[in-house]
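See structure below.
What follows draws every value from the coordinates through simple rules; no lab data is involved. Note that the structure is a prediction, hence the values are computed from the model and not measured. Cβ sites come from the backbone with ideal geometry, for glycine too, and all protein chains shown count toward neighbours.
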Amino acid sequence: MFGWEFPPHNSGGLGVACKGIADSLVKEGVEVIFVLPKRMDVYAAGYKMIFANVPNMKVIGVNSLLHPYVTSQSYGTIRDVLRGNVVYGEGLLAEVLRYAELAAEIAKTEQFDVIHAHDWLSFGAGLVAKEVSGKPLIAHVHATEVDRTAGNVNQMIYDIERMGVLAADRVVSVSDFTKRILVERYGVDPSKINVVHNGIDPAEYSLDEPPDRGLWKLKEAGYKIVLYFGRITVMKGVDHLISAARRVLEWDKKIMFVIAGSGDMEGQIMEQAANLGISKNVMFPGFLRGVELSSVIRAADVFVTPSISEPFGLTPLESLAHGTPVIISKQSGVSEVLQHAIKVDFWDELEMADQILSVLEYGSMKHTLSSFGHDEAMKCTWGRAAGKLLTIYNSLQ
């Protein structure tokens with residue numbers, strides 16, 4: 001299994017998905033060898049790391065310098081960048097090729113039946129491993145360049161993605177939403193694509209963690225809390241949420257919007273809030289994880305994710321696991337597995353504002369969304385995803 005990030009050294013949902021899938025496959029009796037592109041500031045050189053709490057999963061770090069969640073525009077400017085004692089290559093393609101070369105050596109020495117590559121940075125490694133070993137390749141698509149850039153694709157990245165999904169023996173898509181993109185924009189035969197929705201592991205969260213103390217004091221003062229957490233980047237549509245926030249605050253000043261996370265649009269979103277005159281009602285606590293994140297989710301009255309294009313989206317499931325009702329965009333894969341969630345078009349800021357106010361005002365509505373939504377979320381497990389993947393593995397033998 002090839003990827004490029006793994007918790008706790010992850011910057012987004014992909015690493016969480018990789019861990020959830022790998023852990024659950026191990027529970028199904030699958031021996032997993034997880035290959036990571038080694039980052040010099042995280043992994044020591046030249047050793048294989050065994051996760052003690054997952055005895056059948058071997059994690060290998062290799063010497064590549066890839067970074068997740070950098071925008072395609074940023075990739076175009078990477079030229080012999082020096083960071084610490086690490087000299088980077090001449091660009092993204094050089095790093096992808098280096099990862100692939102190291103993957104070839106691993107494929108020659110390890111024993112395995114199936115190759116499973118997560119997203120485009122790993123597709124080169126997966127293709128080379130397939131060439132070296134003759135084993136079947138699964139290309140697992142968690143996001144596409146079409147999603148990440150809202151359609152303004154970097155051609156090189158698109159070409160790598162397309163090469164991977166067309167050459168793979170089977171393609172796994174995280175949603176029907178993404179499957180349609182793969183068929184229409186990448187030319188993949190729909191019969192080669194299996195949809196395997198993402199999931200959650202409730203054991204990973206502090207579901208009984210007391211609500212955040214600071215936010216709870218605001219609630220005691222009469223405030224309601226609207227939460228967003230995740231990456232702050234173009235595909236997440238946080239700018240639309242801020243525009244909707246202005247409309248909400250025209251009706252009720254006692255509402256606090258919490259925008260938790262980081263990303264290339266963080267400064268822009270702060271400036272937008274200032275320009276709209278709502279800064280005192282918008283908080284930016286930064287990137288949260290673990291107990292700290294759980295306490296904030298528990299304090300929130302509603303979670304909103306206004307994604308422009310979201311292949312799946314784990315954050316609504318995480319929120320519902322904590323009992324916090326959600327408003328999600330219709331342009332998200334997670335909307336396929338949730339019935340008890342309010343769904344709006346990301347661009348319809350007036351409707352988004354109306355729905356936020358409705359959840360905050362009507363207690364029975366909030367309770368229904370919370371209770372039934374929680375039950376739905378708890379059924380969306382990584383174990384269920386692993387079972388579907390195991391069926392796919394067996395079909396390739």
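Some points to look at:
- Computed FRET value (nearest 0.05) for Lys217 with Arg384, which takes r as the C-beta separation and R₀ as 30 Å: 0.15
- Sorting Arg180, Arg148 from the fewest to the most surrounding beta carbons within 10 angstrom yields Arg180, Arg148.
- Sites Lys343 and Asp201 - FRET efficiency at Förster radius 41 Å, r taken between beta-carbons, to 0.05: 0.95
- Counted by neighbouring Cβ atoms within 10 Å, the residues Trp251, Trp382 run from fewest to most as Trp251, Trp382.
- Positive-end residue, segment 203-379 charge dipole about Cα centroid, Cβ charges, pick of Val337, Trp347, Ser262: Ser262
- Sorted largest first, the principal axis extents computed over the alpha-carbon atoms of segment 203-379 equal 42, 35, 30 Å.
- Nearest-20 debye value, segment 180-279 charge dipole, Cβ charges on Lys, Arg, Asp, Glu: 340
- Listed by chain and number, the lysines whose alpha-carbon sits under 16 Å from that of Lys379, ignoring those within fewer than 8 places in the same chain, are Lys388.
- 12 Å beta-carbon shell around Leu227, net charge (K/R +1, D/E -1): -1
- Qualifying lysines (Cα of each under 18 Å from Cα of Lys280; at least 8 residues distant if same chain): Lys217, Lys219, Lys224, Lys253, Lys254
- A straight line joining the Cα centroids of segment 358-380 and segment 182-237 runs 15 Å.
- About its Cα centre, the dipole of segment 203-379 is roughly 400 debye, where the only charges are +1 on Lys and Arg Cβ and -1 on Asp and Glu Cβ.
- Bridgeable aspartates and glutamates around Lys27 (alpha carbons under 18 Å apart, same-chain partners fewer than 8 residues away excluded): Asp113, Asp201, Glu204.
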